Structures are given as C-alpha cells and as structure tokens.
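Before any comments, here is the structure.
The values are calculated or read from the model by the stated rules, or taken from the named source; none is laboratory data. Note that the structure is predicted; figures quoted are calculated from it, not measured. Glycine also receives a Cβ, built like all others from the backbone with ideal geometry; neighbour counts cover every protein chain displayed. We work out accessible area using only protein heavy atoms, side chains counted, and drop any ligands, DNA or RNA first. Shrake-Rupley method; radii C 1.70, N 1.55, O 1.52, S 1.80 Å.
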Amino acid sequence: MEWFRDEPIEKLARECVQNALDAGLDNSKPVKVEFNLIDVNVDSIPDLKALKKNINSALETYKKEQSTESNAAFKVINLYENANKLLAKDTISVFQITDSNTSGMSWDKSKNCDFFTYMRASSHSSKGGDSSGSFGIGKMAPFVVSGIRTIFASSVYKQDNSYHQVTQGK
C-alpha cells in the first residue's frame with residue numbers, strides 16, 4: 001500500500017483506467033470508467049457487525065503485540081480508531097468506480113480466475129504480459145483511499161452465452 005500513499009486518488013484512477021483498458025470488450029466502442037463519491041447509510045454495509053468486530057479485534061491485537069510508542073504504531077492505531085468513528089456515523093462516503101465495455105472479472109472456482117486474483121490473491125496477477133499492469137500490486141490502491149481499509153467489488157461477466165455476477169467485500 002506504500003506505493004499509493006502519495007497522490008492516492010490519482011494513482012487509484014490510473015490503476016482503474018489501466019485495468020479497464022486491459023479488459024476492453026468491443027474495440028469499436030470506448031471503454032468508460034466513472035468515478036463517483038456517494039453517501040450511503042452505514043447500516044447498508046453488508047455484515048456491518050462483523051466488519052466492526054474485525055476492526056476492533058485488529059485494533060486490540062495490534063495494541064497487545066506492538067509497542068505503541070512508535071510513530072508507525074500511532075498511525076496504525078489512529079487508522080483503526082478513525083474507522084470506528086466513521087462506522088459510528090449514520091452515513092459514510094463511498095468512492096464508487098464503475099466501468100463499461102469491459103469483459104468483467106470472471107469467476108470459475110479456480111485460483112487463477114480474474115475475480116479470485118483481484119480479491120484474494122497476494123502479489124499475483126492473472127494478466128498476460130501484454131497488459132499494462134501485471135505485477136498484482138495495483139489492487140491495493142483502493143485500500144489506501146478507503147478510510148476503513150475496506151472494499152466491495154462486483155463484476156458482471158459473460159460465460160457460456162450467459163451473464164453472471166459475483167460480489168465480495170474485503
């Protein structure tokens with residue numbers, strides 16, 4: 001995530017556009033990427049109770065296992081405490097990114113499919129060598145922008161002449 005700390009919005013935008021262009025579907029039409037900042041009710045976050053529990057557990061574990069005297073420890077503790085404050089409000093800002101005229105991220109229960117690679121794999125990419133980004137670090141960019149270090153990804157893709165949708169939070 002350190003790679004994206006300077007200019008996080010610009011670097012996130014670059015990563016999103018790069019990924020969308022690499023997944024372009026119909027070359028006769030432009031790939032479109034939209035960025036929107038929207039406010040949503042905190043209660044609408046899927047499994048909010050578990051998210052809050054995970055944040056509190058991470059905070060308590062960090063406090064027990066780390067020396068809280070260092071500047072780095074202060075930053076981590078501040079991040080978790082800020083996440084708790086954001087989730088205690090009625091609404092939270094969500095940075096929504098959508099793309100169109102792309103193939104989407106497929107899901108086929110293998111560990112080499114696009115959606116698995118994006119949401120679950122570490123330092124791994126399923127992109128070919130001719131893609132703009134293929135090192136697997138760009139998927140960390142959204143976490144730097146998120147005040148609660150949480151993302152939700154949803155993708156629609158075509159497989160066997162039918163459309164499928166997959167969604168997951170991380």
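The largest accessible area among Ser103, Ser154 belongs to the first residue in Ser154, Ser103, and the rest follow in falling order (1.4 Å probe, all chains). Counting only protein heavy atoms and a 1.4 Å probe, the chain has 66 square angstrom of accessible area per residue. Helix 71-88 and the longest principal axis of the C-alpha atoms of the chain enclose an angle of approximately 80°. Computed over protein heavy atoms with a 1.4 angstrom probe, the accessible surface ordering of Cys16, Cys113, largest first, is Cys16, Cys113. Volume per residue for the chain equals 141 cubic angstrom (convex hull of Cα atoms).
Here's the list of aspartates and glutamates a cross-link from Lys64 could span, going by alpha-carbon distance under 16 Å and ignoring same-chain residues fewer than 8 apart: Glu81.
With all protein chains present, how much of the accessible area of region 1-98 (probe radius 1.4 Å) comes from carbon and sulfur, to the nearest whole percent? Taking all protein chains in place, region 1-98 shows 50 percent carbon and sulfur surface. Are any of the pairs Lys85/Lys109; Lys32/Lys52; Lys75/Lys109; Lys11/Lys32; Lys111/Lys158; Lys109/Lys158 more than 27 Å apart by Cα-Cα distance, and if so, which? From the list (Lys85/Lys109; Lys32/Lys52; Lys75/Lys109; Lys11/Lys32; Lys111/Lys158; Lys109/Lys158), the Cα-Cα distance tops 27 Å for Lys85/Lys109; Lys32/Lys52; Lys75/Lys109. Mean-square fluctuation check for the chain, GNM, Cα pairs under 10 Å: which of Lys111, Lys64, Lys32 is largest? Of Lys111, Lys64, Lys32, the most mobile in the Gaussian network model is Lys64. On the basis of the beta-carbon distance and an R0 of 22 Å, Trp3 and Lys89 show a calculated FRET efficiency of 0.15.
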